[in-house]
1. Among the residues of segment 62-89, write down those that are polar (S, T, N, Q) and exposed (fewer than 14 other Cβ atoms within 10 Å of the Cβ).
2. Going through VAL7, VAL32, VAL27 one at a time, which residue ends up being in a strand (DSSP E or B), in contact with a helix residue (DSSP H, G or I) (Cβ under 9 Å, 6 or more places away or on another chain) and either touching a residue at least 24 places away in the same chain (Cβ under 8 Å) or loosely packed, with under 15 Cβ neighbours inside 10 Å (or both)?
3. Kindly list the number of the only condition in (1) open to solvent by less than 30 Å² (accessible area, probe 1.4 Å); (2) without any contact (Cβ under 8 Å) to a residue 40 or more places away in the chain that fails for PRO49.
4. Looking at segment 57-89 only, could you name the residues that are under 10 Å from ALA31 (Cβ atoms) and among the aliphatic types (A, V, I, L, M)?
5. Determine, yes or no, whether LEU42 is within 10 Å of the chain's Cα centre (by Cα), surrounded by 14 or more Cβ atoms within 10 Å (Cβ to Cβ) and touching a residue at least 12 places away in the same chain (Cβ under 8 Å).
6. With the requirement that a residue be assigned to a loop (DSSP other than H, G, I, E, B), free of Cβ contacts under 8 Å to residues at least 40 places away in the same chain and not hydrophobic (A, V, I, L, M, F, W, C), what does segment 10-24 give you?
7. Can we say ARG8 is within 15 Å of VAL82 (Cα to Cα), touching a Lys or Arg at 6+ places or on another chain (Cβ under 8 Å) and not aliphatic (A, V, I, L, M)?
8. Every residue in segment 35-60 that is under 19 Å from SER85 (Cα atoms) and part of a loop (DSSP other than H, G, I, E, B), please.
Amino acid sequence: MSEGDLVRKILPAYPPLARTARIEGQVVLQAVISKQGAIENLRVLSGHPMLVPAAIEAVRQWRYRPYVLNSEPVEVETQIIVNFSLAGN
């Protein structure tokens, strides 16, 4: 799935403790986008433990335009990368 298919994106709140500790980086998640466009079966592939909960909380609220194959909506497995940067927050 491309980010263009993303219809609702909630940005994660930067964890205060991670901000204080100056922790930055990516959290990589694996998910299934349901036939309705909801995030399901969200799993962590990598990322700093202080950043993971905020990434999961935000991504669970994301919604995608359903992927259509042969005129039928289908579930799609995808990888999602959430970036945490102190410069941007």
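1. Correct list: ASN70, SER71, GLN79, ASN83, SER85, ASN89.
2. VAL27
3. The one condition PRO49 does not meet is (1).
4. Those that are under 10 Å from ALA31 (Cβ atoms) and among the aliphatic types (A, V, I, L, M): VAL59, VAL76, ILE80.
5. Working: within 10 Å of the chain's Cα centre (by Cα): yes; surrounded by 14 or more Cβ atoms within 10 Å (Cβ to Cβ): yes; touching a residue at least 12 places away in the same chain (Cβ under 8 Å): yes.
Taking the combined requirement at face value, the residue satisfies it.
6. First, the residues of segment 10-24 that are assigned to a loop (DSSP other than H, G, I, E, B): 10-15, 21-24.
When the remaining residues are screened for being free of Cβ contacts under 8 Å to residues at least 40 places away in the same chain, the result is 15, 21.
Once the filter is applied, which keeps residues that are assigned to a loop (DSSP other than H, G, I, E, B), free of Cβ contacts under 8 Å to residues at least 40 places away in the same chain and not hydrophobic (A, V, I, L, M, F, W, C), segment 10-24 yields only PRO15.
7. It is true that ARG8 is within 15 Å of VAL82 (Cα to Cα), touching a Lys or Arg at 6+ places or on another chain (Cβ under 8 Å) and not aliphatic (A, V, I, L, M).
8. Matches in segment 35-60: GLY47, HIS48, PRO49, MET50, LEU51.
The values are calculated or read from the model by the stated rules, or taken from the named source; none is laboratory data. Predicted, not measured: the structure shown is a model, and the values here were computed from it. Methodologically, a virtual Cβ is constructed for each residue, glycine included, from the backbone with ideal geometry; neighbour enumeration extends over all protein chains shown. What goes into the accessible areas is simple: the full protein's heavy atoms, side chains included, and nothing from ligands, DNA or RNA. Shrake-Rupley method; radii C 1.70, N 1.55, O 1.52, S 1.80 Å.
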